[in-house]
Amino acid sequence: LRARLHTLLARPVLSAPAALAHNTQSCPLAVHDQLVNPDQLKGQRDWWAAVTADEVRTRREGIVRWLEGLEKGGVDVVAPELGYGEQRRGIVMTAGNADTLQRAVTSIKLLRGYYLSPLPIELFSFPGELPAQGIAELQALRVTHRVLTNQQKVAGAWKNFHIKALAVLLSEFDEVLYLDSDVLCLREPSYLFEDESFRAKGAAFWTDINKDHPENPVWRLLGRTCDPTEWEVDSGAFLVSKSGNGGLNLAALHVAAHMQAEHEFWFRISGGDKDTFRYAFWALGLEYVSAPRWMSILGYKEERDGSGRFCGLSMVHYDLSHPPSTLPSTPPSPLFVHANLVKHSGPLAPPTKAFSVLKRPSPDSPASAPLLDRAHYYVYAPRFGGMCLDLE
């Protein structure tokens, strides 16, 4: 770990203009201006350019001091390596208000009642968030409710994203499948822990709809060059082994928790918590696996105004490997539905058709393929209220 932290501190520190000239050689603006989250680019572009070389050094040193402080406090920063079969596996979720609890219970009922999943489940919340009735409902579903005792919600925050890394860190499990409350599994997920690519890397992420912009200071902060094959990640579902990468995955989770604690800075780079996990692995030079098939959108066609326009409400993520007993060319199967826009949707008519149309890029290229740079996912405001996702 110390060698990796030394490497982080020793990476070159470039000015914003020098980094941009370097990054646009691999990530041209003409392409990546279309692939970045447009709201993030519009809102943060000037701030990104104002991140100084001194700030870069300070943030790198902050990562090192955070880990050193944990070690001095007696906290394990590197996990002990475990032999095969010694790892405890399970699902971790977070929920607080009535809406997130209801969504989490729906997801858990699907796992327990339909798929008969034997995986233990832990659900984390802040102190005093869940009512006794909600806790009893979780217990009936064989869910362990855990409270982040020394943490509080951030007053006035749109969402308290900083709970996510802490929940995974404090979980009793070594190997964790993290699921947001609005993620629905499309099959029993226990087999994911045996996936060869996950076992080789110890962490797996699923892609989001945007890419990091070449002007984003994350490249300068972590001493990397813009990679045109890298998509942002959807942290609504991810798989991680704390003992993976020689136990250093635990350190990466601590780095992600640090970034989430320093959210006033890092969330302006990451757009919320989601890419802090990927950035933490970058900071320590650790490998992970990205799901090979790019996401699709699940939604419906709007018929109330006669337009038939597609309105996507959910992202569909695919398996880490192609189905067993099939040709290697067989694409991975649907695995998760992240219904992330349902909570922002307007009144649906009829709601039974909310998941009736699947839209995906054609041809069905690997997520790393340059051809997908021509695809464009975007969010729009539909006539009847809410938010919709579409693809061109």
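Taking 8 Å as the Cα distance limit and 6 or more residues as the minimum spacing, I'd like the relative contact order of the chain as a percentage. Across the chain, relative contact order equals 18 percent. Here is the list for region 17-99: chymotrypsin sites (Phe, Trp or Tyr not before Pro) lying in DSSP coil, each with at most 10 other C-beta atoms within 10 angstrom of its C-beta, are Tyr84. Legend: ranking of residues Arg2, Arg45 from fewest to most surrounding C-beta atoms inside 10 Å; resulting order Arg2, Arg45. Report the net charge of residues surrounding Phe281, where surrounding means a beta-carbon distance below 12 angstrom and charges are Lys +1, Arg +1, Asp -1, Glu -1. Spelling it out: positives minus negatives among the neighbours equals +1. Counting charges near Leu119 (Lys, Arg +1; Asp, Glu -1) among other residues having Cβ under 12 Å from its Cβ returns a value of +1. In terms of surrounding Cβ atoms within a 10 Å radius of their Cβ, Tyr114, Tyr318 rank from fewest to most as Tyr114, Tyr318.
With the charge dipole of region 296-391 set up from +1 on Lys and Arg Cβ and -1 on Asp and Glu Cβ about the Cα centre, the Cα lying farthest toward the positive end among the listed residues Gly386, Leu371, Gly312 is that of Gly386. Here is the list for region 250-287: GluC sites (Glu not before Pro) lying in DSSP coil, each with at most 15 other C-beta atoms within 10 angstrom of its C-beta, are Glu287. Can you classify the chain as rounded, prolate or oblate using the Cα gyration tensor, where a ≥ b ≥ c are the square roots of its eigenvalues, rounded means a/c under 1.5, and otherwise it's prolate if a/b beats b/c and oblate if not? The shape class here is rounded. Quick one: of Lys42/Lys109; Lys242/Lys359; Lys201/Lys353; Lys201/Lys343; Lys109/Lys274, which pairs are farther than 29 Å apart, Cα to Cα? Those over the limit are Lys42/Lys109; Lys242/Lys359; Lys201/Lys353; Lys201/Lys343. Using the rule -39500 (n - 2.57) for each DSSP H run of four or more residues, divided by the residues of the chain, the 222 nm mean residue ellipticity is -9000 deg cm²/dmol. As a rough footprinting exposure proxy, the listed residues Ser314, Ser296 were ranked by other beta carbons within 10 Å of their own, and the order from fewest upward is Ser296, Ser314. For Gln87, neighbours were defined as the other residues whose beta-carbon sits under 13 Å from its Cβ, and their charges (Lys and Arg +1, Asp and Glu -1) total -2.
No lab work stands behind these numbers, since they all come straight from the coordinates. All values derive from a computational prediction rather than experimental measurement. Don't worry about glycine lacking a Cβ; one is built from the backbone with ideal geometry, like all the others, and counts go over all protein chains shown.
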